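Contents: one structure, followed by commentary.
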Amino acid sequence: MKSNKLKLWAEGARLRTLPLAIAPVAIGAGAADSVQAFDSTLSFLALAVALFLQIGVNYANDYSDGIRGTDDYRVGPLRLTGSKSVRPEAVKLAAFAFFGLAAASGLAIVLITGMFWLIAVGLAAIIAAWFYTGGKNPYGYAGLGELAVFVFFGLVATIGTTYVQVGFIEFNAVLGGIASGLFASAVLMVNNIRDIETDKLASKKTLAVMLGKKASTGLFLVMIWTPFVILSLFTLLYPATLMGFVSLLLVAPATLIVSTAKSAKELILVLKLTSFAALAYALALAAGLFIVFF
C-alpha cells in the first residue's frame, strides 16, 4: 500500500521533466569553469534550487489544473488531483514544501555570496511557478507558458548559476541559457500540441491552441534545432563542445515523429526524446567547456 502511494507521488512529481532542471545548471557550471571560476558548492546549491523548483511547479500545476477541471479532458500520464488519487490540499502542500526547499537552497547561495538581491529573483521564480496555472488568471492559460519557461529554466537558471560563481554576466552562459531555454520551451510546446483539442474543451488557451497544430509544430522544430546553431558558435572557441552534437541522435527521431504524429502516444515519445536531448546537449556542452582547463 505504501509503495503504491509513493509511486503515485513520484508520478505526480513528473520525474521525466527533471532533465530540464539539470540542463541549465550544467551549462552554467561549465560556463563558470570556462573562466576558471567553478565552485562545486555553489553549483550543487544551484542544482538543488532548480530541481526543487521543477518538482514544486509540477505539483502546483497538478493541483491548479485539477481543481480547475482542466485535467478532466486531458490524455497522458496520471495526475494526482485530476484523478482524485490524492487530496487536492495534500498536492498543494507538496508544491509549497518543494518551493520552500528551493528557497532554502537559494538562501544558502545568498549567504555564501552576499548577493542579497538574489532573494528577489528567487521570489519571482516561485511566483511565476505558482501562477503558471494557479490564481484567477494563470498566464499558462494565455499562451505565455513557453516564454516563462524560456526565461526561468533557460536564461535565469543558466546565467544565475554562472553569475553566483563569477560575479558578472558571462557570455557563454547567455548563449547556453538561450539553448537550454529553447529546449525547455520545446518540451512544453510538444506537450501542449498533444493537448490542443482537450485544452480547447477546457478553455485553456496555450500558445499551441492559439497557433494551431501545424504552426506549433513548426515552432517546435525551430526550438529544437536552433541550439545546434548556437553550439556551432561554441565549437569555434571550444572544439571539445563538438560532443554536444551527439544529442542529434535524439533530436533527429523527435523531428521525424513530430512531423508525422497522429496520436498522443507518439507526441509523448517526442516529449521524452526532447527532454533527454536537452540533458545530453547540456552535459556534452558543459563537458566541452570544462575540458578547456583539464
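The figures follow:
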read-out: When residues of the range 14-59 are limited to those that are touching a residue at least 60 places away in the same chain (Cβ under 8 Å), assigned to a helix (DSSP H, G or I) and β-branched (Val, Ile, Thr), the one surrounded by the fewest Cβ atoms within 10 Å (Cβ to Cβ); value: Thr41
read-out: Residue in the range 82-93 that is buried (at least 17 other Cβ atoms within 10 Å of the Cβ), assigned to a helix (DSSP H, G or I) and of a type outside the set (Val, Ile, Thr) present; value: yes
read-out: Helices (runs of 4 or more DSSP H) (entirely within the range 188-262) containing at least 3 residues that are touching a residue at least 40 places away in the same chain (Cβ under 8 Å) and surrounded by 22 or more Cβ atoms within 10 Å (Cβ to Cβ); value: 213-237
read-out: Residues of the range 153-175 satisfying the condition of being of a type outside the set (A, V, I, L, M, F, W, C) and in contact with an Asp or Glu (Cβ under 9 Å, 6 or more places away or on another chain); value: Thr162, Tyr163, Gln165
read-out: Pick from the range 258-294, criterion of a type outside the set (Gly, Ala, Ser) and in contact with a Ser or Thr (Cβ under 7 Å, 6 or more places away or on another chain), ranking: farthest from Ile159 (Cα to Cα); value: Val258
read-out: Criterion violated by Pro19 - all others in (1) modelled with pLDDT under 95; (2) more than 29 Å from Leu175 (Cβ to Cβ) satisfied; value: (2)
read-out: Verdict on Ala282 being under 20 Å from Ala23 (Cα atoms) and either hydroxyl-bearing (Ser, Thr, Tyr) or surrounded by 18 or more Cβ atoms within 10 Å (Cβ to Cβ) (or both); value: yes
read-out: Close pairs (6 angstrom Cβ cut-off, 6 or more residues apart or separate chains): touching a residue at least 60 places away in the same chain (Cβ under 8 Å) in the range 88-99, surrounded by 20 or more Cβ atoms within 10 Å (Cβ to Cβ) and acidic (Asp, Glu) anywhere; value: Val91/Asp62
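So that you can scan it fast, the table gives a plain yes or no per residue for (1) without any contact (Cβ under 8 Å) to a residue 24 or more places away in the chain; (2) farther than 26 Å from Val91 by Cα:
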position: Val121; (1), (2): no, no
position: Tyr132; (1), (2): no, no
position: Asn137; (1), (2): yes, no
position: Leu155; (1), (2): no, yes
position: Thr158; (1), (2): no, yes
position: Thr162; (1), (2): no, yes
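The values are calculated or read from the model by the stated rules, or taken from the named source; none is laboratory data. Everything numeric in this text was worked out from a predicted model, so none of it was measured. Here Cβ is always computed from backbone atoms with ideal geometry, including for glycine, and neighbour counts include all displayed protein chains.
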